[in-house]
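Down below is the structure, laid out as structure tokens.
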Amino acid sequence: MKLALKLALAILPGALAVIAAAAVLDLRRDAADFDADQRQDDLAMARVLATTVGRTWDDRGKDRALVLLEPMRGLAARFRVRWVDLGDPRSALSPAEREKIGRGEEVLWHKDSDAPGWLHALSPVRSGGAVVGAIDLSEAPTDLRAHVRGTIRATLVTVLALSATMVLVTLFVGAWVVGRPVTALITQARRVAAGDLRARSVPHQRDELGELTRELNGMLDRLEQAAAAVRASTEQRFAALEQLRHAERLTTVGRLASSVAHELGTPLNVVAGRARLITEEDHDASKHAGIIIEQSTRMTKIIRQLLDYARRQPPEKERQDLRRLAAQALTLLETLAAKRGVMLRLESDLADVPVIADATQIQQALTNLLVNAIQASRTGATVDVVLRAASARPASNGKRPDGVFYEVSVQDHGQGMAPDVLSRVFEPFFTTKPVGESTGLGLSVANDIVEEHGGWITAESEPGRGSRFSLFLPRGVLPRGSG
């Protein structure tokens, strides 16, 4: 309706201008017609008088003929009738006009000397075949003001009626022809903006709006196909990414295998020795059985942790305790650290560290950071893991809102990295280790996992002073009633 009203208001001035121009032209035409009629009427009256005076002149003489003009002087308010003597030098006629009348021709002219604007019609009077003078019939200018006022009133009435009719017709036609399809397109656009790519409008018209509707429907068809292709591609990408992460976990498991085998060797020897003692010393059987149970439980825990870490599970974000996840990661890597002569130490003064996360993925990210720290540390060194609350925002992404974040920093005391190496540590497949010892995916996978959880990882390092990787995750609070 708004568009139709704008259309009516846009057309209305043009229509009013046309009507006004037509009224002006009508007035000018009427004035011209009045003037032409006046000329014809004056010439006709002057011609009749001249003929009458000429015949009377022939029959009764000049004086009797001029007497005929006396009754006409009573019409002075509207008409004036005068006798023009061609031989009189006081006459207002010019020599050219005298000559023209002398040839028997009629003359029309305006003279402002006696009465401004009066029209003079001169008709020659003949007597005995010769022109003896002329009849000057003058008429006052026509007063067209009443006619102009009437024309203006009629024009105003026409303008008002036409304006009202035009607005109403334009509103009705605009609402039906333009408003209805535009409203349908707006509704369709809002549905598309809300994510419904199946929204379609039925084109009822064969004009530009109908063509626009068909093109929009075609565009939505292509968008829907593209969205389906993107969904399929995204699913494939996530599947490939999960496979890559799983493969990287298996690589870590491979590194842990020899350490786990060494770790299991000691409790297995204890179990075997105690079993022999049971067969040799029956009186201490309960004592030896308790030790066997203790060592079996230890081996089962080690194997279960390794299997849980290696097992592929669907991602599932829920409320987790980040401190517990960090402690489990340290427990899993204790044997690898011990084999390399490195100590792992966890520091935190936080009792509850809630985050909304997938436990396996966060453990993988922490494990990757810890494995790199263990491998970078010298024998006898310590890897410090510190968990604390922090208010921070990454410099590379100002779009994340401020809030409470938890920081897990992993500090090693190794050789450190040069600036050119530090700038590339999160690139996939980038590694400084010999071929076969690393896939170059550990830090890249860890960074992807943390970013998917709304966090980020920072890296600081100086040659000779070790490296520190800090993992930031937002504080997680589940809605009431959720798990």
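The values are calculated or read from the model by the stated rules, or taken from the named source; none is laboratory data. Because the structure is a prediction, the values reported are computed rather than measured. Here the Cβ is made from the backbone with ideal geometry for all residues, glycine too, and neighbour counts use every protein chain on show. What goes into the accessible areas is simple: the full protein's heavy atoms, side chains included, and nothing from ligands, DNA or RNA. Shrake-Rupley method; radii C 1.70, N 1.55, O 1.52, S 1.80 Å.
From the list E427, E437, E451, E460, pick out the single residue that is closer than 26 Å to R345 by Cβ, at pLDDT below 90 and either open to solvent by 10 Å² or more (accessible area, probe 1.4 Å) or touching a Pro at 6+ places or on another chain (Cβ under 7 Å) (or both).
Just a single option satisfies the conditions, and that option is E437.
For the structure I just gave you, tell me whether V421 is outside any loop (DSSP other than H, G, I, E, B), at pLDDT 85 or above and within 25 Å of D358 (Cβ to Cβ).
It is false that V421 is outside any loop (DSSP other than H, G, I, E, B), at pLDDT 85 or above and within 25 Å of D358 (Cβ to Cβ).
Just to be sure I understand, how many residues within the stretch 16-56 are open to solvent by 50 Å² or more (accessible area, probe 1.4 Å) and within 14 Å of W83 (Cβ to Cβ)?
1
Give the residues of the stretch 354-376 that are modelled with pLDDT under 90 and touching a strand residue (DSSP E or B) at 6+ places or on another chain (Cβ under 6 Å), sorted by residue number.
The one that is modelled with pLDDT under 90 and touching a strand residue (DSSP E or B) at 6+ places or on another chain (Cβ under 6 Å): A359.
Give the residues of the stretch 336-356 that are open to solvent by less than 50 Å² (accessible area, probe 1.4 Å) and β-branched (V, I, T), sorted by residue number.
The answer is V342, V353, V355.
Quick one: in the stretch 128-156, of everything that is open to solvent by less than 20 Å² (accessible area, probe 1.4 Å) and either among the hydrophobic types (A, V, I, L, M, F, W, C) or in contact with a Phe, Trp or Tyr (Cβ under 7 Å, 6 or more places away or on another chain) (or both), which residue is modelled with the lowest pLDDT?
My answer is A140.
Run G87 past the list (1) open to solvent by 40 Å² or more (accessible area, probe 1.4 Å); (2) modelled with pLDDT of 80 or more and report the number of the one that doesn't hold.
G87 satisfies every listed condition except (2).
Table: residues versus (1) open to solvent by 50 Å² or more (accessible area, probe 1.4 Å); (2) over 19 Å from the mean Cα position of the chain (by Cα).
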| position | (1), (2) |
| --- | --- |
| V159 | no, yes |
| S163 | no, yes |
| V167 | no, yes |
| F172 | yes, yes |
| V178 | no, yes |
| L185 | no, no |
| D196 | no, no |
| R206 | yes, yes |
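Kindly provide the set of residues from the stretch 208-218 that are buried (at least 16 other Cβ atoms within 10 Å of the Cβ) and closer than 14 Å to V178 by Cα, ordered by number.
L209, L212, T213
If you take the residues in the stretch 54-82 that are assigned to a helix (DSSP H, G or I) and among the basic types (K, R), which one is modelled with the highest pLDDT?
Residue satisfying both the conditions and the ranking: R55.
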